[in-house]
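These notes concern the structure reproduced below.
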Amino acid sequence: MAGLKYLTGFGNEFASEDPRCPGSLPEGQNSPQVCPYGLYAEQLSGSAFTCPRATNKRSWLYRILPSVRHKPFTPINCGNLSENWNEVEPDPNQLRWMPFTVTKASEKKVDFVSGLHTICGAGDSKSRSGIAVHIYTCNTSMINRSYKCNLYVSVPQKGEILITTEFGKMMVEPNEICVIQQGMRFSVDVFGETRGYILEVYGAHFELPDLGPIGANGLANPRDFQIPVAWFEERTVASGYTIINKYQGKLFSCQQDFSPFNVVAWHGNYTPYKYNLENFMVINCVAFDHADPSIFTVLTAKSTRPGVAIADFVIFPPRWGVADRTFRPPYYHRNCMSEFMGLIKGHYEAKEEGFQPGGASLHSIMTPHGPDFDCFEKNSTAELKPERVAEGTMAFMFESSFSMAVTKWGLETCQRLDKSYYKCWEPLKSHFNPNWRPSSPIV
């Protein structure tokens, strides 16, 4: 959207006011007896008051009316959103989904909230410990509706989305991501058939991963994150504005007669933000062997165990492959973490056929996975010269220490499960040669 402006940085103390109301941010204090322009002061806390300063998250919003002015919440149908991880029997198999279907607007109008489908997850939002993975497929904008939920990472795959938040507007395109923090109200406008992925985290904040010996720079650099600038609308909705609230795994709605996007100014460090994946500074092996995928971590939501994440957001971006004496694609693997993968565009290097943009895969804890037959045979004999890897491609992974269960929608209702997935490994054959010597070729 032409003309949208952003602040830059990650976790900074930001301040913004709509230029239509200069001086709307109070000077020298947070909650004056009378706010400029007759606004209400409202604090949005993303952490406990007594969290250490380095991890304390909060913002002050100066709004035309406070968010408390609404009718009572009542339950509404959850559609295909779920937090029931026991509705079907566990499935330890390798799972892959074909691209998820987007309903045509001529058949049925579906907005962002109506088009949310939970595919897998674990844990419990009541105890604020867990995650959920959703697919969104929609074809129409949210009209006089906003949504509030847990921490969301949105990964658009098809179609750009215009996200209006209490902090301002963000245009998010495929190959970008956006993060909406817990408790923030937002609305989504679309411009045609739209599809994407969402990682929901119940009780943690995303951080940039520690760089350790990499040094001060690299991976996702803080300066490349973009935060919306203040924008407000003073709009009365006689027919009622609907606020949708995801609470303890269920959906509730209430009515109010004004837009919730009435924040004239704000300051703080608890904000929504977006990031362009093309800005990721890739670290890779330049001598031999295949480095672990943790070198591609964009964001991490840490658990209380050092080095173990509730969730990591990892990408597999275009890069150079130069490793010598090495099988360069991802290795065969069994992992103590769950790996949910999606493909934004292009062809994933370990499975160039079958894994398609708009589809997904899930390799659960200790479920074997790795390159398919064609990939192994090709790369076991390939000439090892410098080459571009994943050119025109962007795959990503939601990796979690939780053992994720698949929903009934994911296993049955969506009818996109590729039941032949296991066959991509069936042609793998034994190359074992008991008479092998260092000069013997692999046959």
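The values are calculated or read from the model by the stated rules, or taken from the named source; none is laboratory data. What you see is a predicted model; the values in this text were computed from it and never measured. Counting neighbours? That spans all protein chains shown, and the Cβs are built from the backbone with ideal geometry, glycine included. When the accessible area is computed, the model is the full protein with side chains, heavy atoms only, and any ligands, DNA or RNA have been set aside. Shrake-Rupley method; radii C 1.70, N 1.55, O 1.52, S 1.80 Å.
Please compute the Cα-Cα pair-distance distribution of the range 55-194 with 10 Å bins starting at 0, giving whole percents from short to long. With a bin width of 10 Å, the distribution comes to 9, 36, 36, 17, 2, 0.
Couplings 3J(HN,Hα) of the range 217-231, computed from phi: 10, x, 6, 8, 7, x, 5, 8, 7, 10, 10, x, 9, 4, 8 Hz, in residue order, whole Hz [Karplus 6.51 cos²θ - 1.76 cosθ + 1.60, θ = phi - 60°; x for Gly and Pro].
Positive end of the dipole of the chain (Cβ unit charges, origin at the Cα centre): among Tyr247, Ser364, Ile310, the Cα lying farthest that way belongs to Tyr247. Using equal-weight Cα scatterers in the Debye expression, the normalised intensity of the range 317-410 in log10 at q = 0.12, 0.15, 0.18, 0.20 Å⁻¹ is -0.43, -0.66, -0.92, -1.09. Using heavy atoms of the protein chains and a probe of 1.4 Å, the accessible area assigned to Val34 is about 110 Å². Residues Arg185, Arg145, Arg128 ordered from highest to lowest accessible area at a 1.4 Å probe: Arg128, Arg145, Arg185.
Only protein heavy atoms count here; on that basis, with a 1.4 Å probe, Asp418 has an accessible area of about 20 Å².
Could you let me know the centre-to-centre spacing of the range 14-67 and the range 385-443, using Cα atoms, in angstrom? Using only Cα atoms to place each centre, the spacing works out to 49 Å. Highest mean first, the peptides 43-52, 426-435 sorted by other C-beta atoms within 10 Å per residue fall in the order 43-52, 426-435. Figure note: His70, His369 ranked by solvent-accessible area, largest first, 1.4 Å probe, ligands and nucleic acids not counted: His70, His369. Considering all projection directions equally, how large on average is the shadow of the alpha-carbon convex hull of the chain, in square nanometres? Convex hull of Cα atoms, orientation-averaged projection: 24.2 nm².
Other residues with beta-carbon under 9 Å from the beta-carbon of Tyr275 carry, at +1 per Lys or Arg and -1 per Asp or Glu, a net charge of -1.
The Stokes-Einstein estimate for the range 20-69, based on a Kirkwood radius over Cα pairs and taken at 10 °C with 1.306 mPa s viscosity, is a diffusion coefficient of 130 µm²/s. Counting only protein heavy atoms and using a 1.4 Å probe, the accessible area of Thr381 comes to about 110 Å². In straight-distance terms, cross-link reach from Lys104 covers every one of the lysines whose alpha-carbon lies under 19 Å from its own, apart from those fewer than eight places away in the same chain; here that gives Lys158. Of the peptides 197-204, 109-116, the order by per-residue mean of other Cβ atoms within 10 Å, starting with the highest, comes out as 197-204, 109-116. Scalar couplings 3J(HN,Hα) for the range 182-195, obtained by applying the Karplus form with A = 6.51, B = -1.76, C = 1.60 to θ = phi - 60°, are 4, x, 7, 8, 8, 9, 10, 9, 10, 10, x, 5, 9, 8 Hz; x denotes Gly and Pro.
Charge dipole of the range 139-185 (Cα centre as origin; +1 on each Lys and Arg Cβ, -1 on each Asp and Glu Cβ, all else neutral): 220 debye, rounded to the nearest 20. Measuring nothing but alpha carbons in the range 48-114 and taking Rh as the Kirkwood radius, the Rg to Rh ratio lands at 1.11.
Residues whose amide H lies under 5 Å from that of Tyr241, counting only those 5 or more places away or on a different chain, are Gln256, Asp257, Phe258; hydrogens are built 1.01 Å from N in the peptide plane.
What's the magnitude of the charge dipole for the chain around its Cα centre, counting Lys and Arg as +1 and Asp and Glu as -1 at the beta-carbon? Answer in Debye, nearest 20. The calculated dipole for the chain is roughly 620 debye. Computed with a 1.4 Å probe over protein heavy atoms only, the accessible surface of the range 143-223 comes to 30 Å² per residue. Here the Gaussian network model covers the chain, with springs between Cα atoms less than 10 Å apart; of Ala301, Ala230, Ala105, Ala105 fluctuates the most. Principal axis extents of the C-alpha atoms in the range 118-157 (largest first, rounded to whole Å): 33, 23, 14. Please work out the C-alpha center-to-center distance from the range 132-149 to the range 249-293 and express it in whole Å. Using only Cα atoms, the two centres lie 16 Å from each other.
Taking amide H positions as modeled 1.01 Å from N, with prolines and chain starts lacking one, the residues under 5 Å from Ile365 and 5 or more places away or on another chain are Met404. Rolling a 1.4 angstrom probe over the range 240-337 with all protein chains present gives an accessible area of which 55% lies on carbon and sulfur atoms.
Applying a threshold of 21 Å to the alpha-carbon distances of Lys108/Lys246; Lys5/Lys345; Lys351/Lys423 flags Lys108/Lys246; Lys5/Lys345 as lying beyond it. Assuming charge only on the beta carbon of Lys and Arg (+1) and of Asp and Glu (-1), the dipole of the range 31-161 about its Cα centre is about 580 debye to the nearest 20. In the range 144-194 the Cα-Cα distances spread across 10 Å bins starting at 0 as 25, 60, 15 percent of all pairs. Sorting Thr326, Thr103 by accessible area puts them as Thr103, Thr326; the probe is 1.4 Å, largest comes first, and only protein heavy atoms count. Taking Glu107, Glu160, Glu83 as the candidate residues, the one with maximal mean-square fluctuation in a Gaussian network model of the chain, Cα springs under 10 Å, is Glu107. Length, then width, then depth: along the principal axes, the Cα atoms of the range 192-283 run 57, 31, 31 Å.
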